Amino acid sequence: SDIDALERFAKRVVEEGLVFNWATNTRFSGGITLEWAMLMRQSGCNGLAIGLESYHDRVLRHIRKGTSAALIDRCLENLAWAGVPVLAYMMVGLPTETEEEARESFGRLIEKVREGYIKSVFYSLYAVSRDSPIDKDPAQYGVVLPPQDPELDLRPGYAHFEHSGMSHKKAVELQLE
């Protein structure tokens, strides 16, 4: 996993006595223990960009993110205690996400920013990426994708798609708000 690879990297940096600052992207994971976070800081990690996507358990389960609000909280606490700053990536307009869920999710995020657990936030509109699980089987996620020419080599993802949650227009409004 990327958590294991980062641990191997950090251990090597420490073992070789290298001194430099570095930052990277990762995922929330049960592997982000306090011990792991302390190793990251000791090795010079001065920032982790982490894909939060949503802070709402139903939405996280639906998109099969493999995380929960409780896991996110635990990881953020470990990273904050160790002094590793976090940039959280959050999305709005995820499949079946309602306006109420998006507002609740964003409220939790802002609470963590105010409490000092998250240093900065990148908040963007969700789009279905090409060859992602949702692109490959949209019905399984309650999504209807517009037709695209399958012969296109550079077939883009989908910024607009249908689902039972909020409209694309409402997602844009929330992002701008």
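The values are calculated or read from the model by the stated rules, or taken from the named source; none is laboratory data. Since we're looking at a predicted model, the values are computed, not measured. Note: ideal-geometry Cβ built from the backbone for every residue, glycine included; neighbour counts use all protein chains shown. Ligands, DNA and RNA are stripped out before the accessible areas are found, and what is left, the full protein with its side chains, is counted by its heavy atoms. Shrake-Rupley method; radii C 1.70, N 1.55, O 1.52, S 1.80 Å.
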What residues qualify as long-range amide H neighbours of GLY157, i.e. H under 5 Å apart, gap of 5 or more or another chain, H built at 1.01 Å from N?
ARG130
DSSP bridge orientation in the stretch 51-177 - percent antiparallel, rounded to nearest 5:
25
Under a 1.4 Å probe, what is the accessible area of the chain per residue, stated in Å²?
55
For ASP153, what charge total do you get from the other residues with a beta carbon under 14 Å from its beta carbon, if Lys and Arg give +1 and Asp and Glu give -1?
-1
Give the ranking of LYS112, LYS169 by solvent-accessible surface, highest area first, calculated with a 1.4 Å probe.
LYS169, LYS112
Of all GluC sites (Glu not before Pro) in the stretch 51-125, which ones are in loop regions per DSSP and have a Cβ with at most 15 other Cβ atoms within 10 Å?
GLU115
Rounded to the nearest 10 Å², what accessible area does PHE9 show when all protein chains are kept and the probe is 1.4 Å?
90
Among the Cα-Cα pairs of the stretch 1-127, the proportion with separation greater than 26 Å, in percent, is 22
Starting from the amide H of CYS45, placed 1.01 Å from N in the peptide plane, find each other amide H under 5 Å away whose residue is 5 or more places distant or on another chain.
TRP22
If I ignore ligands, DNA and RNA and count only protein heavy atoms, how much of TRP22 is accessible to a 1.4 Å probe, in Å² to the nearest 10?
30
Sulfur and carbon atoms: percent of accessible area, the stretch 31-177 [1.4 Å]
53
I'd like the accessible area for ARG27: 1.4 Å probe, protein heavy atoms, all chains in place, Å² to the nearest 10.
110
For the stretch 75-122, the fraction of alpha-carbon pairs in successive 5 Å shells from zero, as %
5, 22, 27, 21, 14, 9, 3, 0
